[in-house]
Structure formats: C-alpha cells, structure tokens
Amino acid sequence: MKWIKRALALILVLLVIGVWLNYPKLNIISGYASKNMASTLAIAQRSEASVVLNDNNVPLIKLADVTVEENSATATVFGLMPRKTVCRPGLGCTLVNDAYNDDFNLPGPRRSFTRDTIPFPFGNGAAKDTLFQEVDYQVLEHALHNAFANPDVQKTRSVLVVYKNHIIAERYTDGFTKDTPILGWSMTKSVLATLFGILEFEGKIDLGKTGMVKAWENDARKEITLNHLLRMQSGLEWDEDYSGISDVTKMLFLATDMTEVQAEKKALAKPTEIWNYSSGTSNLLSGILRDQFNTYQDYINFPYSALIDRIGMHSMLIETDMAGNFVGSSYAWANTRDWAKFGLLYLNNGNWNGEQLFDQSWVDYVTEPTDLSDGTYGGHFWLNAHGKYPDAPKDLYSANGYQGQRVFIIPSKDLVIVRTGLAEAPEFDFNGFLKDVLQAIP
C-alpha cells in the first residue's frame, strides 16, 4: 500500500513539474493561433473553418481555441493564457501584450494602386497567352501534377512558373486563387533587404556604415556594419529555435518592439567570425531602416512607394509590431503572382519595365556566398552555390520562408518559380520539383 502511495505521489510530482515547465509554452501556442487566425481572416479573406482545419492544425497549435471578433482574435489553451491579436488599417494584425493601449493609433501607409490593362508582369491586366516552341508543356504539366500529387503530405497551395517574363504554368489548390494573399514568412527578409538595395542605389546609405545602435557606442558591437547584418555575420548572440521558448519565439510572440531584441544581445564573436541565421537581425534592420526617415509616415510609406506599389505588387502587405515597426523577419503577405513579380525584379537585375530600382551590383552582392554559410547564404537570400539542390543550376538563388514558401530565381534559365504551401522538405521534395520543372526548359 505504501508503495502505491509513493508511486502516486511521484506521478503527481512529475505531473506538476511537467505543467510548470510547459506552462510558458502556452503563451507561444495561443499567441501563434491568435495571430495566424486574425491575419489570415483579415488579409487573405479566408474562412475561420479553413484556418482551423489547415493553418492551425499542427502539433500543439491545434490545442488552442480561437474566438473571432471584429478586427481581432483571441486564443486560449484549455482556457489558459489568453492572447489577443488586433488588426489595424494598413498595418495588418498585431499580437498584443499587456502593454498595448487601444488609444495608441498609428497611421497606415499611403498606397498608390495603378489600374491598367498592361499584361503581367508589368501591369495589372491578364497574362499573355504565349507559347514558346522550346518549352515542353507536357513535361511542365507533369511537374505541376507531381507538386500537388499527395496533398495530405506535400500540402502545396500554389505553383507558378514564369519564363522570359511570361507565365507558362500556374496551379492552385482548392480554396486558393491567383488573388489569394499568402504569408511569405522569412521570404519577408529578402523584401526587407531589397529596401536597403534601393537606398544604396539612391546614394542614401552605405553598407559599411557602423554605429547604428546607440547602445553599442562604447563596446565592440560598434564595429558591426549593415553588411554584417545583411549577411548574418554580426557575431551577436541569437537562438533561432521554433520548437520551444527561444530568442525568436519570445520576439515574435512576446515583444512590444521587435527591433530591440537583437540589439540587446551580447557579442559572441567579432563580426565575420561566425555565421548565425537570425530573425532578430532582420527586425533590427527594420529598426535601422526606420531611423533613416524623419517621420513615421515616411517610414511606413517607403516599402510601398519605393518597391511594392512601384512594381505593382498591390496585394502585398507587411505587418507591423506593437510599436509600428515592420516585422521584416516574417510578416509579408502577397498573392502568388506578386511574389513572382518580386523574383522577376531580381531576374531583370533591378530593372522594372525600363525603370532601375537598384543597381545590378546589388544582385551580385546578395548572391555572393557569405563566409561560413557553406555557400547557402548571401545577403538575406539563400543560394545554390554549393549545390544544395543538385539537379538545379548553381546560379539559382531564392527567398525562403517557413513551411516551404519559395521564390526561386534562376538567371541561366530565365526563370522564376514560386511555390507556396504548408510543408518543408522532406515532405515536399524541392530538388525533385525543380528537376521536374527544369526538364521542360531547354
């Protein structure tokens, strides 16, 4: 009898310890569920049922219950740890904490939406129905079929193939169309970097600039440059682990001002001595971008006037944190065709229908392999320089996002390929997908 009581007591102690250790994770779980629901409803205009069945139907996150109200969503886990997300005009939806004040109003960006009948990609009209003799469309159709063949595993949402500025293949899963905005996750990092390329082209910023953070003035961090940050070579401490409570999850789901989180970290090494992928670095860059402007309105307008609306990516919206900073690490939404336009801007070396947005040297910069990245990373873009995708050309580079969001740019083939979905490798075979598509192109 004593043995049974001791065993029960031990089980109870272990249960209490387990709850105590995992309770903080509920903050992340309910926060993710709330943010994902609110943003998807408000920006993508999809149904609540679809989000529950698909986007939030992943381990742990599916434990959350979400209540939707006008312009907000609140999630709990077993009735615990409520987290609320509020949506603000032009700024997207923001997961808020106890510091949030409903009376804190920020202006939205001033957008410029052009209406024309010029065909894709340079206008808003229908894509040209163009046939290229050198393209094997039967092989291409087979490639798209393979990308959607096992929906429960691959979870592909859209595929778009653009050859010589013309759409040659396009397909969407049920519930998605060419107009459905899709969260790019870390593809946002490549968009953010492009804004610095534009500023550099305009002579307004120097990638060798130091002393960008006041708190760094009196220590070794003052030697960190924009170049180091764009290449993830700052040497600053950062833990990019999404499986539990880490620097990145605390930033995305707890921080009021996401631009400050990386700035507060200590240096583990001198710049260039280590390479460490960091979403905190991208949001630090968003804060540095904000410092380039005299007013908040100028900052919030800039990505749209200088890039997004300038090339007709009118479906794109970059969400902000509670302090009004663009979440440059993660929260850009756009439909598949507009993600392709972003890739085409790079394929065309920064030239958009005769207008130069950034110099060709910027393309060379972002595609130059960063030391210690094993040839996989450039300047906020991912590379194939060392053959990560063995059946694709080495000049391939891409904007990559969580759950398999990709914009592949392949200059040697004059190709941009977009794939969006809810699955990474190995569930979705990116090398096999690229191989299938490339077999159709000479």
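The values are calculated or read from the model by the stated rules, or taken from the named source; none is laboratory data. Computed from a predicted structure; not experimentally measured. Here the Cβ positions follow ideal geometry from the backbone for every residue, glycine too, while neighbour counts run over all protein chains shown.
Take the conditions buried (at least 16 other Cβ atoms within 10 Å of the Cβ), assigned to a helix (DSSP H, G or I) and of a type in the set (Ser, Thr, Tyr) and apply them to residue 190. Does it pass?
yes
Take the residues of the range 349-391 that are in contact (Cβ under 8 Å) with a residue 40 or more places away in the chain and hydroxyl-bearing (Ser, Thr, Tyr): which is nearest to residue 189 (Cα to Cα)?
My answer is 377.
Looking at the range 51-75, I want the residues that are within 11 Å of residue 40 (Cβ to Cβ) and have a partner that is among the acidic types (Asp, Glu) and surrounded by fewer than 20 Cβ atoms within 10 Å (Cβ to Cβ) with Cβ atoms under 7 Å, at least 6 apart or on another chain. Which pairs are those?
Every condition considered, the pairs that remain are 68/48.
Mind checking whether some residue in the range 199-206 is within 30 Å of residue 127 (Cα to Cα) and assigned by TED's automatic domain parsing to the domain that holds residue 374?
Looking through the range 199-206, none of the residues is within 30 Å of residue 127 (Cα to Cα) and assigned by TED's automatic domain parsing to the domain that holds residue 374.
May I ask you to list the residues in the range 194-215 that are within 24 Å of residue 382 (Cα to Cα), under 25 Å from the mean Cα position of the chain (by Cα) and in a loop (DSSP other than H, G, I, E, B)?
Answer for the range 194-215, where residues must be within 24 Å of residue 382 (Cα to Cα), under 25 Å from the mean Cα position of the chain (by Cα) and in a loop (DSSP other than H, G, I, E, B): 205, 206, 207.
Could you tell me whether residue 88 is within 25 Å of the chain's Cα centre (by Cα), among the charged types (D, E, K, R) and under 14 Å from residue 323 (Cα atoms)?
The answer is yes for residue 88.
In this structure, is residue 282 modelled with pLDDT under 95, within 19 Å of residue 402 (Cα to Cα) and of a type in the set (S, T, N, Q)?
So residue 282 fails the test.
Conditions: (1) more than 21 Å from residue 402 (Cβ to Cβ); (2) touching a Pro at 6+ places or on another chain (Cβ under 8 Å); (3) of a type in the set (A, V, I, L, M, F, W, C). Residue 288 meets all but one. Number of the miss?
(2)
Need the failing condition index for residue 99 against (1) without any contact (Cβ under 8 Å) to a residue 24 or more places away in the chain; (2) within 25 Å of residue 251 (Cβ to Cβ); (3) loosely packed, with under 12 Cβ neighbours inside 10 Å, just the number.
It is condition (1) that residue 99 fails.
Table: residues versus (1) buried (at least 22 other Cβ atoms within 10 Å of the Cβ); (2) in contact with a Gly (Cβ under 6 Å, 6 or more places away or on another chain).
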site: 324; (1), (2): no, no
site: 330; (1), (2): yes, no
site: 342; (1), (2): yes, no
site: 352; (1), (2): no, no
site: 374; (1), (2): no, no
site: 378; (1), (2): yes, no
site: 386; (1), (2): no, yes
site: 390; (1), (2): no, no
site: 394; (1), (2): no, no
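Suppose we keep only residues that are of a type in the set (Asp, Glu) and farther than 21 Å from residue 333 by Cα within the range 250-297. Which one would you say is surrounded by the most Cβ atoms within 10 Å (Cβ to Cβ)?
For the range 250-297, the residue satisfying everything is 260.
Are there any pairs with C-beta distances below 9 angstrom linking a residue in the range 206-228 that is in contact (Cβ under 8 Å) with a residue 12 or more places away in the chain and over 28 Å from residue 367 (Cα atoms) to a residue that is assigned to a helix (DSSP H, G or I) and basic (Lys, Arg), with the two at least 6 apart or on different chains, and if so which?
Close Cβ pairs (under 9 Å, with a partner that is assigned to a helix (DSSP H, G or I) and basic (Lys, Arg)) amount to 215/221; 216/222.
Please work out if residue 174 is in a loop (DSSP other than H, G, I, E, B), more than 17 Å from residue 288 (Cβ to Cβ) and free of Cβ contacts under 8 Å to residues at least 24 places away in the same chain.
So residue 174 fits the description; yes.
Please tell me if residue 116 is without any contact (Cβ under 8 Å) to a residue 60 or more places away in the chain, charged (D, E, K, R) and under 26 Å from residue 425 (Cα atoms).
Judged against the criteria, residue 116 is not a match.
Based on what the data block shows, is residue 399 of a type in the set (Gly, Ala, Ser), crowded, with 21+ Cβ neighbours inside 10 Å and touching a Ser or Thr at 6+ places or on another chain (Cβ under 7 Å)?
On the way: of a type in the set (Gly, Ala, Ser): yes; crowded, with 21+ Cβ neighbours inside 10 Å: yes; touching a Ser or Thr at 6+ places or on another chain (Cβ under 7 Å): yes.
Against the criterion (of a type in the set (Gly, Ala, Ser), crowded, with 21+ Cβ neighbours inside 10 Å and touching a Ser or Thr at 6+ places or on another chain (Cβ under 7 Å)), residue 399 qualifies.
Can you name the helices (runs of 4 or more DSSP H) wholly within the range 230-345 that have at least 3 residues being among the hydroxyl-bearing types (Ser, Thr, Tyr)?
279-290
Only one of these conditions is not met by residue 193: (1) of a type in the set (Gly, Ala, Ser); (2) farther than 30 Å from residue 347 by Cβ; (3) modelled with pLDDT of 95 or more. Which number is it?
The number of the failed condition is (2).
Considering only the range 125-166, state which residues are in contact with a Ser or Thr (Cβ under 7 Å, 6 or more places away or on another chain), more than 26 Å from residue 403 (Cβ to Cβ) and in contact (Cβ under 8 Å) with a residue 12 or more places away in the chain.
Passing the criteria: only 166.
Every residue in the range 229-241 that is touching a residue at least 24 places away in the same chain (Cβ under 8 Å) and closer than 30 Å to residue 25 by Cα, please. Show your work before the answer.
Within the range 229-241, the first condition is being touching a residue at least 24 places away in the same chain (Cβ under 8 Å), and the residues that meet it are 229-238, 240.
Matches in the range 229-241: 229, 232, 233, 234, 235, 236, 237, 238, 240.
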